[in-house]
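To start, the structure under review is shown below, and the notes come after it.
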Amino acid sequence: MAKAHVHKDVIVIGAGMAGLTAAMYVGRMNLDVLVLESGIIGGQIANAVSIENYPGFVSVSGADLISTLQKQAENFGAVVDEFDSIVKVTLKNNPKIVETEEKIYEADVVIIASGMNRRKLPLPEERKFSGRGVHYCELCDGHMYQNKIIAVMGGGNAAVDAANFLTKYADKLYLIHRSEFRADEVSQKRLRQNPKVEVMLQTEIKALHGAGRLENIDVLDKNSGTTKNLAVDGIFVNIGVVPNTELFKDELQLSKSGRIIAGEDCRTEIKGVFAAGDVREKEIRQLTTAAADGTTAALLAEKYLSRLKESV
């Protein structure tokens with residue numbers, strides 16, 4: 001059966017902070033906007049236990065912040081579709097084409113806010129234990145480890161936030177990182193003060209073991225050069241991210257890091273195509289800058305659409 005063709009004024013790819021902010025602003029301007037999200041709504045920030053650096057909130061969970069933002073966008077007419085994955089985009093023509101598994105969308109503007117995904121654990125046993133003890137989403141899979149022994153791998157904010165979240169389930173939790181912490185001091189302090197937690201810095205995971213499911217791991221103390229075996233039921237990996245730009249590599253210019261090259265105005269080299277949030281090449285990546293990108297992309301998208309209509 002042929003796919004239905006549907007026209008939208010604006011398609012936003014990604015339902016994180018940047019994407020939902022863009023959708024909210026586009027909706028407020030009475031434009032027809034669709035948000036396509038193939039992963040978890042909110043992206044990485046949805047997993048944050050406590051956000052204390054977003055203006056207007058003393059403390060708010062990532063899930064609550066994103067839920068509120070999604071409601072704001074939907075109240076202004078935005079439609080969020082998290083179940084129809086994109087298979088192909090054609091951005092250089094007008095209108096732009098975004099083909100999903102179910103439909104072919106034509107849009108005058110595309111705002112790319114597809115964010116990033118976490119890097120895989122670089123061990124040969126990763127594939128064997130993926131979903132059977134090795135995980136990448138604590139919000140999705142943490143509940144499976146009630147009263148179990150959990151390891152978190154990584155030393156940045158994402159890893160420490162994941163560890164703080166997982167303490168609600170863990171009987172014992174190891175935070176394992178090959179160098180020093182890069183997370184903010186407030187998150188570190190909260191983690192270190194939890195009696196369930198053992199922080200293991202200058203430590204590397206060298207091997208995974210188990211019959212069917214993960215049962216234990218070998219860890220190397222880089223300072224002493226000694227290796228020991230730890231019994232663990234699950235590992236949650238937070239060792240960096242990969243930009244979600246595979247769909248756009250033949251359409252847009254990418255940086256060495258794989259992010260989309262766009263200016264502070266979020267404009268790419270293709271007219272009517274904007275990049276916002278973590279997927280855009282830029283120096284600072286924070287929730288506030290993602291929201292700013294979403295706002296900028298939406299407002300300039302409306303200006304582009306107005307000029308497009310005037311030229312017809």
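The values are calculated or read from the model by the stated rules, or taken from the named source; none is laboratory data. Values in this document were obtained by computation on a predicted structure and should not be read as measured data. Cβ sites come from the backbone with ideal geometry, for glycine too, and all protein chains shown count toward neighbours. Accessible surface areas use protein heavy atoms only, side chains included; no ligands, DNA or RNA. Shrake-Rupley method; radii C 1.70, N 1.55, O 1.52, S 1.80 Å.
So for segment 239-309, if I pair up every lysine 8 or more residues apart or on another chain, how many of those pairs have alpha-carbons under 17 Å apart?
Details: 249/271; 256/282; 271/303; 271/309.
Taking the Cα cut-off of 17 Å, the pair count is 4.
Can you tell me the 0 to 90 degree angle between the C-alpha axis of helix 287-310 and the longest principal axis of the chain, rounded to 10?
Around 20 degrees separate the two axes.
Please list, in order along segment 199-214, the HN-Hα scalar couplings obtained from phi with the Karplus expression 6.51 cos²θ - 1.76 cosθ + 1.60 (θ = phi - 60°), rounded to whole Hz, x for Gly and Pro.
Here the 3J(HN,Hα) series is 8, 10, 8, 6, 9, 10, 7, 9, 7, 10, 9, x, 9, x, 10, 5 Hz.
How many percent of the accessible area of segment 120-237 is carbon or sulfur, using a 1.4 Å probe?
For segment 120-237, the apolar C and S fraction of the accessible surface comes to 47 percent.
Using DSSP to call loops (not H, G, I, E or B), can you name the GluC sites (Glu not before Pro) in segment 77-115 whose Cβ has at most 15 other Cβ atoms within 10 angstrom?
Values: sites: 82, 99, 101, 102, 106; in loops: 82, 101, 102.
The qualifying sites are 82, 101, 102.
Which trypsin sites (Lys or Arg not before Pro) does segment 1-39 hold that lie in a coil by DSSP with at most 16 other beta carbons within 10 Å?
Taking segment 1-39 and a limit of 16 other Cβ atoms within 10 Å, the loop trypsin sites (Lys or Arg not before Pro) found are 3.
Report ³J(HN,Hα) in whole Hz for each residue of segment 264-273, in order, from the Karplus equation J = 6.51 cos²θ - 1.76 cosθ + 1.60 where θ = phi - 60°; Gly and Pro get x.
5, 7, 6, 7, 8, 6, 9, 4, x, 10
Applying 1/(1 + (r/R0)^6) with R0 = 45 Å to the Cβ-Cβ distance of residue 184 and residue 303, what FRET efficiency is obtained, to the nearest 0.05?
Efficiency at R0 = 45 Å is approximately 0.75.
For the modelled label position 7 Å from the Cα of residue 64 along Cα-to-Cβ, which residues of segment 17-50 have backbone nitrogen atoms closer than 11 Å?
Under 11 Å, as judged by backbone N against the label point of residue 64, lie 50 of segment 17-50.
Cα-based count: Lys pairs in segment 120-237 below 20 Å, eight or more positions apart or different chains?
Step by step, the pairs that qualify in segment 120-237 add up to 15.
For Cα pairs less than 8 Å apart in space and 6+ apart in sequence, what is the mean separation divided by the residue count of the chain, i.e. the relative contact order in percent?
Rounded, it is 20 percent for the chain.
Taking the Cα centre as origin and putting +1 on Lys and Arg beta-carbons and -1 on Asp and Glu beta-carbons, what dipole magnitude results for segment 120-237, to the nearest 20 debye?
Result for segment 120-237 is approximately 80 debye, rounded to the nearest 20.
Quick one: helix 157-166 against the long Cα principal axis of the chain, what's the angle to the nearest 10°, folded into 0 to 90?
60 degrees
How far apart, in nm, are two points set 7 Å out from the Cα along the Cα-to-Cβ line at residue 90 and at residue 192?
Once both label points are built, they end up 5.7 nm from each other.
Would you mind calculating the gained length between residue 101 and residue 120 on full extension (0.36 nm times residue separation, minus the Cα-Cα distance), in nm to one decimal? Mind showing how you got there, number by number?
On the way: separation 19, 0.36 × 19 = 6.84 nm, distance 2.59 nm.
Taking 0.36 nm per residue and subtracting the Cα distance, the gain is 4.3 nm.
Hey, what angle do you get for helix 17-28 against the long axis of the chain, alpha-carbon based, 0 to 90 degrees rounded to 10?
30 degrees
Which of the cysteines in the chain are isolated, no other cysteine C-beta under 4.7 Å?
Those would be 266, since no other cysteine Cβ in the chain comes under 4.7 Å of theirs.
From the helices alone, meaning DSSP H stretches of at least four residues, give me the mean residue ellipticity at 222 nm for the chain, per-run term -39500 (n - 2.57), in deg cm²/dmol to the nearest 500.
Mean residue ellipticity at 222 nm (helix-derived): -7500 deg cm²/dmol.
For a protection proxy built on the mean count of beta-carbon atoms within 10 angstrom, sort 144-151, 51-58, 210-217 highest first, please.
Packing order, densest peptide first, comes out as 144-151, 210-217, 51-58.
Need one number: the % of Cα-Cα pairs in the chain sitting beyond the 31 Å mark.
Every Cα pair in the chain considered, those over 31 Å come to 36 percent.
Leaving out ligands and nucleic acids, and using a 1.4 Å probe, what accessible area per residue does the chain come to in Å²? Provide the component values of the computation, followed by the final result.
On the way: 14930 Å² over 312 residues.
For the chain, the solvent-accessible area averages 48 Å² per residue.
Per residue of segment 100-114, in order, report the coupling 6.51 cos²θ - 1.76 cosθ + 1.60 (Karplus, θ = phi - 60°) as ³J(HN,Hα) in whole Hz, putting x for Gly and Pro.
Along segment 100-114, the couplings run 10, 5, 10, 9, 10, 9, 10, 9, 7, 9, 10, 10, 8, 9, 7 Hz.
Explain nothing, just the number: dipole magnitude of the chain about its Cα centre with +1 on each Lys and Arg Cβ and -1 on each Asp and Glu Cβ, in debye rounded to the nearest 20.
Roughly 580 debye for the chain.
Residues with amide H under 5 Å of residue 16's amide H, sequence separation 5 or more or different chain, H placed in the peptide plane at 1.01 Å from N; which?
When sequence neighbours closer than 5 places are left aside, the close amide H contacts are 42.
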